[in-house]
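Working notes, structure below.
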Amino acid sequence: MRESKRESDRRTFLSRSAATLAGAALSGTALSYGRILGANDRIALCHVGNGGRGSDLDLIVSKLATSHNVEMNSVCDLWRHNREKAVATNTKYYNRAPRAFQHIEDALADQQIDAVILSTPDHSHSPLLKMAADAGKDVYVEKPMGNVLEEAKAARDAVLQNKVIVQVGTQHRSEPYQIAAHDLVQTGVLGDVTKVEMVWNYHGPRWRGRPETGLIREEDTDWRKFLLNKPYRPFDPQVYCEFRLYKEFSSGIPDQWMSHGIDLVHWFMNDSFPKSAVAHGGVFAWHDGRENADTLHALLEYPKGFLVSYSTSFGNDAPGFTRYMGKNATLVNSGGEGSPRYQLVEEKGTHEDNPDIDRNRASKHVLLPGETRLPPMGIDDLTLGHMANWFECMRSRQRPHCTVREGFAHSVACMMATEAYWSGRKQYWDTATETFSDRGPAA
């Protein structure tokens, strides 16, 4: 079928965006890489952590298998049930069974594996990323990149030292409408931005009541390996399967939701580490034994001189939005995480100057070339670009869209908000020492 002009324009835009964001080649990387992947070399992947998000990533990789010449040739999960499920799923995708490992150490020692995908529980992202980097494997790691500061720093340093290609899974950086909005902000059309507001909501006991909690038995997994660097505690199937609710293993809302939003703020605003953070919230909606908040509000100040307000409630599904508020215009995103609907609204003056300001504002939607109407709220193929970018960068040895440095930055912002919430004290970032504490800068 002949390609329409609209689709041709859209593809041209996406190609340009991908080339622009890929960035400069990493100095010296190709020389240090054990085996340079050519266009005809199949990339052999091992997927570590084969739970719910893992199933999503398996599907994404399968959709790119032919176009990017990749194959999931092995899977790895501590729990036998997940391993067997992942083997069956990938056998269906590739018409042959992947090898199965229980422990990541065995997978990383396998020279037939070029790269690993990490979609394990939040507390293990940084430790496993460091292990993979030290083994010389390229990595796709789910967000947050880390939730313990020293572990996140160690992972980042290992990646940079070993010059492996790491894509952190804040995938909205690779989505075409987010790219178009980012490019618009870079023109300076908003003027001086003083505040960014994000409100993303959900109605339900998020992360509680997962069916796998009733399936897992201690003898079918390796509980001590699951705990990793955490103090020993008796086996608990709720902690294992619903880890996002327990503060030792995840911060919940910051790790899972705010990480996406704050990463976009860092990208749009070219400002990566907050000067300070405060947060408040609690368990107000779902009194089900969870430790992490189901309602949270964080405020973060950035060096360029703007405030970020992030808010989530799991007790009400009021419409979500994001607003970048500049002196000349406001960029409004309608919907929650990943919404493709952006609108630019001009400022026409102050309320004192013009009491009819709301009626006189000029506005336009942010569309891709060739488009004349708003995109639908759910576009399936938008999720493919981030993984595709990682595959392309594995071959070119260029910077992916979300590097380990950017992953470290969003992790710091989330950790500061989390510490502010639990301690009740404002947290300050020290750039020189790469630490945060409740001690403000000297007067």
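The values are calculated or read from the model by the stated rules, or taken from the named source; none is laboratory data. These numbers come from a predicted model, not from an experiment. Cβ: placed from backbone, ideal geometry, glycine included. Neighbour counts: every protein chain shown.
Looking at this structure, is M198 outside any helix (DSSP H, G or I), closer than 21 Å to M416 by Cα, assigned by TED's automatic domain parsing to the domain that holds E337 and within 18 Å of the chain's Cα centre (by Cα)? For M198, the condition - outside any helix (DSSP H, G or I), closer than 21 Å to M416 by Cα, assigned by TED's automatic domain parsing to the domain that holds E337 and within 18 Å of the chain's Cα centre (by Cα) - is met.
Any residue at all in segment 423-440 that's part of a helix (DSSP H, G or I), crowded, with 22+ Cβ neighbours inside 10 Å and touching a residue at least 60 places away in the same chain (Cβ under 8 Å)? Scanning segment 423-440, I find no residue that is part of a helix (DSSP H, G or I), crowded, with 22+ Cβ neighbours inside 10 Å and touching a residue at least 60 places away in the same chain (Cβ under 8 Å), so the answer is no.
Would you say T194 is in contact (Cβ under 8 Å) with a residue 12 or more places away in the chain and either in contact with a Pro (Cβ under 7 Å, 6 or more places away or on another chain) or buried (at least 17 other Cβ atoms within 10 Å of the Cβ) (or both)?
On the way: in contact (Cβ under 8 Å) with a residue 12 or more places away in the chain: yes; either in contact with a Pro (Cβ under 7 Å, 6 or more places away or on another chain) or buried (at least 17 other Cβ atoms within 10 Å of the Cβ) (or both): no.
No: the conditions fail for T194.
The residue of segment 383-405 that is surrounded by the most Cβ atoms within 10 Å (Cβ to Cβ), among those that are out of contact with any Pro (no Cβ under 7 Å at 6 or more places or on another chain) and hydrophobic (A, V, I, L, M, F, W, C), is C402.
Identify, from the list E219, E248, the residue that is touching a His at 6+ places or on another chain (Cβ under 8 Å) and either farther than 17 Å from G49 by Cα or assigned by TED's automatic domain parsing to the domain that holds A152 (or both). Break it down stepwise before answering.
Details: E219 fails: touching a His at 6+ places or on another chain (Cβ under 8 Å).
Exactly one of E219, E248 is touching a His at 6+ places or on another chain (Cβ under 8 Å) and either farther than 17 Å from G49 by Cα or assigned by TED's automatic domain parsing to the domain that holds A152 (or both), namely E248.
Among the residues of segment 350-366, is any within 24 Å of the chain's Cα centre (by Cα), modelled with pLDDT of 95 or more and in the same structural domain as L184 (by TED's automatic domain parsing)? Yes: one or more hits.
Looking at segment 97-168, none of the helices (runs of 4 or more DSSP H) lying wholly inside it contains 1 or more residues that are on the phi > 0 side of the Ramachandran plot and of a type in the set (G, A, S).
Do you know which of the residues in segment 67-83 that are over 18 Å from P237 (Cβ atoms) and out of contact with any Pro (no Cβ under 7 Å at 6 or more places or on another chain) is surrounded by the most Cβ atoms within 10 Å (Cβ to Cβ)? Spell out how you get there, then give the answer.
The first filter runs over segment 67-83 and keeps only residues over 18 Å from P237 (Cβ atoms), leaving 67-76.
With out of contact with any Pro (no Cβ under 7 Å at 6 or more places or on another chain) added as a condition, the list becomes 67-71, 76.
Working: S67: 10, H68: 18, N69: 16, V70: 23, E71: 17, C76: 29.
By that ranking, first place goes to C76.
Listed by first and then second residue, the pairs linking a residue in segment 328-339 that is assigned by TED's automatic domain parsing to the domain that holds S363 to a residue that is part of a loop (DSSP other than H, G, I, E, B) and among the aromatic types (F, W, Y), with Cβ atoms under 9 Å apart and 6 or more places separating them unless they lie on different chains, are G335/W200; G336/W200; E337/W200. Given the criteria at pLDDT 50 or above, among the small types (G, A, S) and either assigned by TED's automatic domain parsing to the domain that holds V366 or out of contact with any Phe, Trp or Tyr (no Cβ under 6 Å at 6 or more places or on another chain) (or both), does S27 qualify? Considered against the rule, which asks whether it is at pLDDT 50 or above, among the small types (G, A, S) and either assigned by TED's automatic domain parsing to the domain that holds V366 or out of contact with any Phe, Trp or Tyr (no Cβ under 6 Å at 6 or more places or on another chain) (or both), S27 comes out as no. For K230, state whether it is basic (K, R) and assigned to a helix (DSSP H, G or I). Answer is no for this residue. Name the single residue that is surrounded by the fewest Cβ atoms within 10 Å (Cβ to Cβ) among those in segment 201-220 being in contact with a strand residue (DSSP E or B) (Cβ under 8 Å, 6 or more places away or on another chain) and outside any loop (DSSP other than H, G, I, E, B). Out of the qualifying residues, it is H203. Those strands (runs of 3 or more DSSP E) of segment 273-328 in which at least 1 residues are among the aromatic types (F, W, Y) and at pLDDT 95 or above, considering only elements entirely within it, cover 295-302, 306-313, 321-326. Screening segment 43-90 for residues that are within 15 Å of H386 (Cα to Cα) and among the polar types (S, T, N, Q) and picking the one that is nearest to the chain's Cα centre (by Cα) gives S62. When L149, L129, L118 are checked against the criterion of being touching a residue at least 24 places away in the same chain (Cβ under 8 Å) and out of contact with any Phe, Trp or Tyr (no Cβ under 9 Å at 6 or more places or on another chain), L129 stands alone in meeting it. Condition check for F408 on (1) surrounded by fewer than 22 Cβ atoms within 10 Å (Cβ to Cβ); (2) part of a helix (DSSP H, G or I): one failure, at (1).
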